[in-house]
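K.L.:
Quick one: structure below, then a few questions.
Values in this text are rule-based calculations from the coordinates and carry no lab data. Since we're looking at a predicted model, the values are computed, not measured. Note that we place each Cβ from the backbone using ideal geometry, even for glycine, and neighbour counts take in every protein chain shown.
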């Protein structure tokens, strides 16, 4: 009986109920969207930077250097001489140096010239085919292969540029160096899923640069250049000495991923905290709206509620009717809001947006969402509690007399 009455009452005030649901849904959507974005962005940034202690590149913004070299979501600061690779590899404080050659893409997916060791940073494994070996060979990340429709053995022509301008056909300057897909990678949950990885020699050849001889170490006058170096320390002494030495004694800059990532997250955190506060304010306004609606409804239905008592309904049943109406409204608003947040994230994470390049998972649910939904439902139930309590103070005879029943 209670459920049927609740449905009937909600239909009776359909517009008011819909507005309350929409207001709560908006607040929950904002809160859930911010929660997912903040938690997943932090997790992704940490995962993609794992194993890299220092990034060395051209002078410019340290944050830009980190974003372009590790997260692949910005343009490089420039190129550096190939000799820097050999100098750092000789340094006793360095365990590993991985070169990167950037600047090209295929239909918005970046082409990274590097070494097979680069993929080991992300624990990448080959799902089909074999690692690149010859000039023009490349391996493709799982997401890039799926979106581009690439398979092992397929050939394509990359284009100059880091974004959508590098469409097939727009990179006619690289027609002399087509790529051949030699492998597709298994999903890693990292930036590697969205990359096309090849050798540095292939990138040089694409741009008409002659690779140096294998047994000769190039000097700063060599034409061959690279974009950045990913450095892993051998010991703590290297961590103390190298960044200062590079920044002060060379024409290059060094950036520490942990420092720049924390700086980025702190900047994002200020905006996210403010938006979360606004979201909770919307939730409280939604709860207040339910309170006003339930109070007005209880006043308008005094005669109906008193008649229900006369017909045998207990105070608890009538109380439950009002309380359930407010709670159901809150539940619907919370569920619609949570679903809307995931739909919005799925939309903005498609294509080549920065969020898409971060690799956020729009349909991954978290425990924090359950907490948000529970709190919002609690707000709805509490605000409906006061109107529902009025049933215990209603004088049946007086109320029925006023309504003429």
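K.L.:
Over the stretch 74-153, what is the relative contact order in percent, taking alpha-carbon pairs closer than 8 angstrom and at least six residues apart?
P.N.:
17 percent
K.L.:
What ranking do 138, 335 get, fewest neighbouring Cβ atoms within 10 angstrom at the top?
P.N.:
Exposure proxy ranking, most exposed first: 335, 138.
K.L.:
For labels at residue 125 and residue 95 in the simple 7 Å Cα→Cβ model, what's the distance in nm?
P.N.:
Distance between label points: 2.2 nm.
K.L.:
What are the semi-axes of the equivalent ellipsoid for the stretch 54-255, taken as the square roots of 5 times the Cα gyration tensor eigenvalues, largest first, in whole Å?
P.N.:
Taking √(5λ) for each Cα gyration eigenvalue gives 28, 18, 16 Å.
K.L.:
Sorted by average packing, counted as other Cβ atoms within 10 angstrom per residue and highest first, what order do 255-262, 151-158 take?
P.N.:
Ranking the peptides 255-262, 151-158 by packing returns 255-262, 151-158.
K.L.:
Still on this structure, I have one more. On a full-extension model of 0.36 nm per residue, what is the gain between residue 371 and residue 47, subtracting their alpha-carbon distance, rounded to one decimal in nm?
P.N.:
Gain on extension, residue 371 to residue 47, equals 114.1 nm.
K.L.:
Rank by packing, highest mean first: peptides 73-86, 118-131, with packing defined as the count of other Cβ atoms within 10 Å averaged across residues.
P.N.:
Working: 73-86: 18.9, 118-131: 16.6.
Descending packing order for the listed peptides: 73-86, 118-131.
K.L.:
Treat each spin label as a single point 7 Å out from the Cα along the C-beta direction, and report the residue 363 to residue 280 distance in nm.
P.N.:
Between residue 363 and residue 280, the simple spin-label model gives 3.2 nm.
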